[in-house]
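Reading through the structure tokens given below for one structure.
Computed from the coordinates by the stated procedures, all read-outs in this text should not be read as laboratory data. Not measured: the values here are computed from a predicted model. With ideal geometry, Cβ positions are generated from the backbone for all residues, glycine too; neighbour counts draw on all protein chains shown.
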Amino acid sequence: MTSASRNELSEDKAPARILGTLAGRTTGLLVLLVLLAVAVVLSLLVGAKALAPSVVWSALTAPDGSYDHTAVLLTRLPRTVLALTVGLALGLSGALIQAFTRNPLADSGILGVNAGAAFAVAIGVGVFSVSSISGYMWYAFGGALLASIAVYLISGGAGRIAPNPLQITLAGVALGAVLSGITTVLRMINSEAFSKMLYWSVGSLARRSLAELWPVLPFILLGTLIALVIAPTLNAVALGDERAASMGVNINRTRILSLIAVAFLAGGATAVAGPIGFVGLMVPHCVRWIVGPDQRWIFIYSLAAAPLLLLASDIVGRVVMPPSEIPVGIITAFIGAPVLIVLIRRKQASGL
């Protein structure tokens, strides 16, 4: 995109922002990365039993098979890596959805991705008697992919004219409502079988291992690469379809790539951790308020801010009700709802 186009974007669409200069944005990103590093350390230290930094360091460098070292390597380290990966995927998918639908309050739920994953898991549990996380993880991922494809086809993506953001949003909401209704019926019919997927359905990082992350990690990485590649194009799309087309942007291809990236990112995250809400909705919205409408900066900030939010929420969930813990999906809802209410009620919301 040319410099003139960027200036036009800034003049026409720029919301209020906190960091409006390159130096300010760079400094803000460094601060965010430092906070993320602190959260990673706390995630390894905090749990049912608080561990000293020296114990964690020795567990990582010279494990001796003791209980504390085993807890770090088999529980806290995998959980931390999962939080980083899932948070990254949710934040970037939310930023991507908000960009190509031009809806600043959209996330993977609005495209039916979460509903598609939950529906597929319900089929796996209710029909094929799948009971393990590793078993229904692939159902969740496949359901998310199929839901993304269905939304695009329902909205008219099979035609010559690219579907507009409103069509995609309405198709996603409608498909999500239908799939959620069917999923609820299936759960009511066989409530005993579905009790096994309780932790997955509320969004949790507990009882997970890295073995469950590796199969979907390539898809998350591919979705991340696609999102970063099309970020400059999405800056043009934010100006409107006609103006983007006049700037040489292939709108249909951009939306197809966006849906593929969303399916890989949100589908992979949901498959591993369940449908975790508010991260993909709140983080890009807040980031846009801080750095402005440039999708490249929004994506980069979301890659750091979303894992930070998820890690912080997971740590809070471990310590608020000892010895039990609250699933991270519930904590993000508690944090996200008030923050979004405040953002929405601001006189100048961070629109696109």
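If you fit an axis through the alpha-carbon atoms of helix 295-319 and take the longest principal axis of the Cα set of the chain, what angle between them do you get, 0 to 90°, nearest 10?
30 degrees
Express the Stokes-Einstein translational diffusion coefficient of segment 68-164 in µm² s⁻¹, to the nearest whole number, given a Kirkwood radius over alpha-carbon pairs, 10 °C and a viscosity of 1.306 mPa s.
On the way: Rh = 15.6 Å.
In µm²/s, the coefficient rounds to 102.
Could you tell me how many degrees, from 0 to 90 and to the nearest 10, lie between the Cα long axis of helix 133-154 and the main elongation axis, the longest principal axis, of the Cα atoms of the chain?
With rounding to tens, the tilt is 10 degrees.
At a Förster radius of 22 Å, what calculated FRET efficiency corresponds to the Cβ-Cβ distance of Ile330 and Asp68, to the nearest 0.05?
0.20
From Cα coordinates alone, what are the radius of gyration and Dmax values for the chain in angstrom?
For the chain, the Cα-based Rg and Dmax read 20.5, 65 Å.
Can you tell which of Asp241, Asp314, Asp107 shows the greatest fluctuation in a Gaussian network model of the chain with Cα springs below 10 Å?
Asp241
Based on the alpha-carbon gyration tensor of segment 191-325 and its eigenvalue square roots a ≥ b ≥ c, which shape applies: rounded if a/c is under 1.5, prolate if not and a/b is larger than b/c, or oblate?
Numbers: a/c = 2.68, a/b = 1.85, b/c = 1.45.
Prolate is the answer for segment 191-325, as a/c is 1.5 or above and a/b outweighs b/c.
Which of the listed residues, Asn114, Ile97, Thr75, is farthest toward the dipole's positive end in segment 15-134, when Lys, Arg count +1 and Asp, Glu count -1 at the beta-carbon?
The listed residue farthest towards the positive side: Ile97.
What is the Cα coordinate range of segment 230-287 on the first, second and third principal axes, sorted by size from largest, in whole angstrom?
Taking the Cα atoms of segment 230-287, the three principal extents are 41, 24, 14 Å.
Top mean-square fluctuation among Gly65, Gly87, Gly292, Gaussian network model of the chain, C-alpha springs under 10 Å?
Of Gly65, Gly87, Gly292, the Gaussian network model singles out Gly65 as fluctuating most.
Based on Cβ point charges of +1 for Lys and Arg and -1 for Asp and Glu, what charge dipole magnitude is obtained for the chain about its Cα centre, in debye rounded to the nearest 20?
In total the dipole reaches around 400 debye.
Using alpha carbons only, how many degrees (0 to 90, rounded to 10) separate the axis of helix 3-13 from the longest principal axis of the chain?
Between helix and principal axis, roughly 80 degrees.
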